[in-house]
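Report on the following structure.
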Amino acid sequence: MLLPPAVTVHGIEHARMALRPGLPVTLVSGPGAALYAGAGWWRALIGAVLAETGREAPTLLDCADAPGMAMAALRIRLPGIILDGFCPAFASVASVAANIGAIVLPHRPHSLDLAQPGAAYRLAEWLQRDIVPPLR
């Protein structure tokens, strides 16, 4: 599955910023966010910002190497998660995800982290890097 360029967001302001250019984007939580913030936090944040902006975007909650957190995310129907591919339960979690139409990545995609200094200034260029111009 091909996903639009990924942007790591750490809160609603980052998510708004990532969506503001109006370009395709994949919203990715901070590393291991499921462990310290939870799946419910991510669902609320993403739901609020997508409703507010009227946009759609793929989203990924990083569950680190915690299959229990990954399963919690799938139970509340999050559409995408990241679970360390070396986790012994990866195949089982991926099977559950496939049955409900969710995606599971075995590692974080390369992303622009909006918490890094200067990232906001590079956002539009980052989001355009994988866009292929239409055929004429």
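The values are calculated or read from the model by the stated rules, or taken from the named source; none is laboratory data. Here the structure is a predicted model, which means the values were calculated and not measured. Neighbour counts are summed over all protein chains in view; Cβ atoms, including those assigned to glycine, are modelled from backbone coordinates with ideal geometry.
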> Under 7 Å by Cβ, and 6 or more places apart or on different chains, what pairs join a residue from segment 86-100 that is closer than 17 Å to ALA64 by Cβ with one that is assigned to a helix (DSSP H, G or I) and not aliphatic (A, V, I, L, M)?
Replying inline: CYS87/PRO67; ALA89/PRO67; VAL93/PRO67
>> Show the residue pairs meeting these rules: Cβ distance below 8 Å; 6+ apart or different chains; first residue within segment 65-81 and under 13 Å from LEU35 (Cα atoms); second residue polar (S, T, N, Q) and modelled with pLDDT of 95 or more.
In response: PRO67/SER92
> If a residue has to be buried (at least 17 other Cβ atoms within 10 Å of the Cβ) and either acidic (Asp, Glu) or under 23 Å from HIS107 (Cβ atoms) (or both) to count, how many in segment 44-57 make the cut?
Replying inline: 3
>> Which condition from (1) on the phi > 0 side of the Ramachandran plot; (2) in contact with a Phe, Trp or Tyr (Cβ under 6 Å, 6 or more places away or on another chain) is the one that SER29 breaks?
In response: (1)
>> Would you confirm whether or not segment 104-113 contains a residue that is surrounded by fewer than 18 Cβ atoms within 10 Å (Cβ to Cβ), farther than 19 Å from LEU3 by Cα and modelled with pLDDT of 95 or more?
In response: no
>> I want to confirm something. Restricting to segment 25-43 and keeping residues that are touching a helix residue (DSSP H, G or I) at 6+ places or on another chain (Cβ under 7 Å) and part of a loop (DSSP other than H, G, I, E, B), which single residue is farthest from ARG108 (Cα to Cα)?
In response: VAL25
>> Kindly evaluate ARG77 against the criterion of being basic (Lys, Arg), surrounded by 14 or more Cβ atoms within 10 Å (Cβ to Cβ), modelled with pLDDT of 95 or more and within 19 Å of SER29 (Cβ to Cβ).
In response: no
